[in-house]
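The values are calculated or read from the model by the stated rules, or taken from the named source; none is laboratory data. Computed from a prediction, not measured in an experiment: that's the story for all the values here. Note that each Cβ is placed from the backbone with ideal geometry, even for glycine, and that neighbours are counted across all protein chains shown. Accessible surface is based on the protein model in full, side chains and every heavy atom, while ligands, DNA and RNA are left aside. Shrake-Rupley method; radii C 1.70, N 1.55, O 1.52, S 1.80 Å.
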Amino acid sequence: MPNVLSKIPMPQSFQNKALSGALLVLILMIVKSKKEASSPRKIPRRQGQGNVDQVFINRILDLLKIVIPSIKSMEVVDLSVLTVFLVIRTMMSIYISSLNGRIVKTIINGDLQKFIKKIVQLGLVAVPASFVNSYLEYLNKSLSLRFRRRLTEYFHDQYIKNMIFYQVSNLDSRVTNPDQRLTTDIEKWANSLSQIYSNFSKPVLDIFLFSKKLAVSIGYQGPMYVFLWYFFSGVLLKIVSPAFGKLTAIDQKLEGEYRSVHSQLLYHAEEVAFLQGQNWEKLKINQSYQQLNKHQIVVNKLRLFMGIFDGLLVKYGAVMAGYGIMGLPVFGPNREEYLKKIGNDKSAITRDYVSNSSLLINLAKAIGRLVVSYKEIQQLAGYTRVVYEIKEVLSDLTSGYYRRTQVQQENETGQVVIDQGKHQTIQLDKGQIIQTDDIIEFENVPIISPNGDTLIKGMSFKITPGMNVIISGPNGCGKSSLFRILGALWPVQGGTLYRPAIDKLFYIPQRPYLPPGTLRDQIIYPHTKLQMLRRKINDQDLIKLLEDVQLEYLVYRERGLDAANDWNDVLSGGEKQRIAMARLFYHKPQYAILDECTSSVSMDIEAIMYNKAKALNITLFTVSHRQSLFKFHEYILKFDGEGKYWFNKQNI
């Protein structure tokens with residue numbers, strides 16, 4: 001019998017067809033995504049459960065348009081190279097299987113010269129085989145990094161734009177941990193997606209090529225029986241398999257909540273320490289971790305259950321089926337024909353057995369990977385759910401809508417109640433915003449919190465440059481809410497708001513933000529040094545601003561404006577507030593919104609800073625309970641805490 005396994009039956013035309021077919025599938029997928037991008041089809045907004053269903057398919061196609069923007073992108077290049085190397089690895093596996101059979105034959109025949117020759121051949125093929133395997137891992141990781149970069153840049157463009165980053169966590173209530181969604185979850189999604197292509201295309205390619213090779217040796221009955229066994233296994237696994245996609249989504253949600261409670265403790269560590277709330281915080285952190293741990297234990301048990309089924313059907317069951325198939329040439333219906341071909345050469349049976357068993361093992365592994373990889377798709381569906389949720393939120397906010405649990409004002413008993421079970425879709429700006437040159441005017445604008453709580457039904461007043469206004473009233477009456485609406489942080493729910501461009505307003509809170517950076521950065525934030533120089537301002541000008549707020553000693557203490565430090569720890573509360581006032585003097589806006597921004601500063605320095613602001617023609621809009629500040633303002637806006645207000649000129 002001619003040694004049909006001694007050469008790889010792989011015509012060049014067949015190789016080209018296999019590669020072309022794989023690339024064609026990839027191109028059709030991208031073209032379909034592009035076509036859907038230009039069509040008016042809407043992505044379903046019903047809440048997906050992380051299952052492999054139509055919602056998942058629509059979402060993954062939508063995300064593919066982001067990570068694979070065009071056929072000419074580097075992602076397609078990586079996928080094409082990956083496809084080529086997958087074909088090469090399969091061809092090398094077939095060649096090594098044939099070489100193994102021939103090595104065994106030389107051992108049985110006692111032919112030392114041929115044995116050494118075959119060992120050398122095996123050693124020579126090991127070098128490119130090792131490179132191919134390592135390069136495939138490199139390509140998969142490279143593809144994952146490209147996917148993550150594309151999606152991260154897309155989300156950053158949406159998230160860090162206008163006020164979206166504020167609105168995600170302060171207006172919309174669907175995503176409580178955007179930091180995890182934009183970092184860890186995107187990374188896991190990109191890794192999962194990059195692995196899916198290899199884990200599907202490689203087994204499909206292996207199945208086709210190994211089946212063709214086996215059919216030459218033992219007939220098409222062998223591969224057919226293998227397919228039947230795995231079809232039966234796949235159906236059974238589909239029936240008993242839990243919804244791992246949904247479980248993955250829940251796991252990511254609980255991971256985010258557990259991380260969030262730790263972040264909250266770090267952020268409020270000082271207050272918790274003063275109040276001795278460590279036991280309460282410990283209870284909350286432990287409860288969050290117990291929820292996560294309980295869920296992970298359940299998932300681990302389900303994976304144990306599925307592992308038993310996988311091992312029984314895919315591993316040991318396949319071995320029994322494999323031995324039955326391996327016996328077909330000797331015990332099957334074509335036994336006489338096979339024995340006649342090999343004659344008395346018993347080593348040929350051993351050679352064919354080794355070669356065929358190697359091919360069959362590879363075929364079984366390929367089919368097994370295809371069957372078991374359904375769990376990987378479920379996992380990808382879970383990651384897709386949590387990633388796509390943040391995409392929906394960003395898209396809604398960009399379009400002017402947010403979803404949040406709303407206060408229901410209507411109640412049979414006349415009480416304000418909250419419907420905790422539903423999120424309502426709310427338009428961001430129901431009122432009208434008109435940009436002016438230098439006027440701030442509220443014309444029947446209601447002060448309504450994002451959850452629908454009405455603080456003032458309609459507010460009307462007008463401020464022009466030079467009209468310094470102080471705002472007073474009890475806590476929770478709407479003072480800070482007024483600033484948030486004026487600064488475009490909260491939506492205008494009615495009426496008309498006239499205001500200058502946002503860059504003509506400057507907000508200083510009670511606890512100023514000090515970003516990581518140099519001492520210079522603290523003064524000019526959010527400008528860069530280049531922007532500062534373009535405004536024809538130098539370091540001496542900044543030192544003069546520090547002198548205006550009695551902080552010139554910081555330049556000498558910290559050894560220059562280029563000194564970098566953790567300013568939140570280095571500076572006292574009063575120094576932080578004075579840095580913020582120096583920042584105000586640097587920017588010189590038309591209007592300054594000052595929210596208890598000098599509460600930690602002595603009254604004499606406070607007076608110096610307010611006089612400096614007025615000298616720079618900055619109109620002051622101040623919230624404060626200090627009576628000493630009233631003399632710096634000509635007008636007062638007073639809230640009574642019962643939904644009423646007064647706007648009058650002061651008698652100073």
Linear extension gain, LEU304 paired with ASP566, 0.36 nm per residue minus alpha-carbon span: 89.5 nm
Give me the percent of accessible area attributable to carbon and sulfur for the stretch 453-574, probe 1.4 angstrom. 50
Report the label-to-label distance for ALA607 and LYS588 in nanometres (one decimal), using points 7 Å from each Cα along the Cα→Cβ vector. 2.6
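Can you sort ARG557, ARG148 by solvent-accessible area, 1.4 Å probe, largest first? Don't skip to the answer; put the middle values down first.
On the way: ARG557 110, ARG148 80 Å².
The ranking, largest first, comes out as ARG557, ARG148.
Need one number: % antiparallel among DSSP beta bridges in the stretch 432-649, to the nearest 5. Walk me through the numbers before you get to the answer.
Values: 16 of 36 bridges.
Taking every DSSP beta bridge within the stretch 432-649, about 45 percent pair in antiparallel fashion.
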Counting only the heavy atoms of the protein chains, how much of GLU547 is accessible to a 1.4 Å probe, in Å² to the nearest 10? 80
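What FRET efficiency would be calculated for the residue pair ASN444, VAL84, taking the C-beta separation as r and a Förster radius of 60 Å, to the nearest 0.05? Display every interim value, and only then the final one.
Details: r = 68 Å, r/R0 = 1.13.
Computed FRET efficiency for ASN444 and VAL84 comes out at 0.35.
Roughly speaking, what is the stretch gain from ILE119 to LEU616, that is 0.36 nm per residue apart minus the C-alpha to C-alpha distance, in nm to one decimal?
Values: separation 497, 0.36 × 497 = 178.92 nm, distance 8.77 nm.
Additional length available on full extension: 170.2 nm.
With a ≥ b ≥ c the root eigenvalues of the C-alpha gyration tensor of the stretch 519-649, is it rounded (a/c under 1.5), prolate (a/b larger than b/c) or oblate?
Numbers: a/c = 2.28, a/b = 1.82, b/c = 1.25.
It comes out prolate by the Cα gyration axes.
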By accessible area (1.4 Å), largest first, ASP172, ASP179, ASP569 order as ASP569, ASP179, ASP172
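Set the Förster distance to 35 Å, then compute FRET efficiency between TYR401 and THR184 from the Cβ-Cβ distance, nearest 0.05. Could you put the intermediate results ahead of the total?
Values: r = 27 Å, r/R0 = 0.77.
For R0 = 35 Å, the calculated efficiency reads 0.85.
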Applied in sequence order to the stretch 299-309, the curve 6.51 cos²θ - 1.76 cosθ + 1.60 (Karplus, θ = phi - 60°) yields integer Hz couplings, x standing for Gly and Pro, of 5, 4, 5, 5, 5, 4, 4, 5, x, 4, 5
Note down the nm distance, to one decimal, between modelled labels 7 Å out along Cα→Cβ at HIS156 and at ARG511. 2.7
Under the 0.36 nm per residue contour assumption, what length would be gained going from the current alpha-carbon distance of SER73 and LYS238 to full extension? 55.8 nm
Please list the non-local residues whose amide H lies under 5 Å from the amide H of ILE433, H modeled 1.01 Å from N, same-chain partners needing a gap of 5 or more. LEU497
Just to check I understand the Karplus step: with θ = phi - 60° and J = 6.51 cos²θ - 1.76 cosθ + 1.60, what whole-Hz values come out for the stretch 233-249, glycine and proline as x? 5, x, 4, 5, 5, 5, 5, 8, 6, x, 7, 5, x, 5, 5, 5, 4
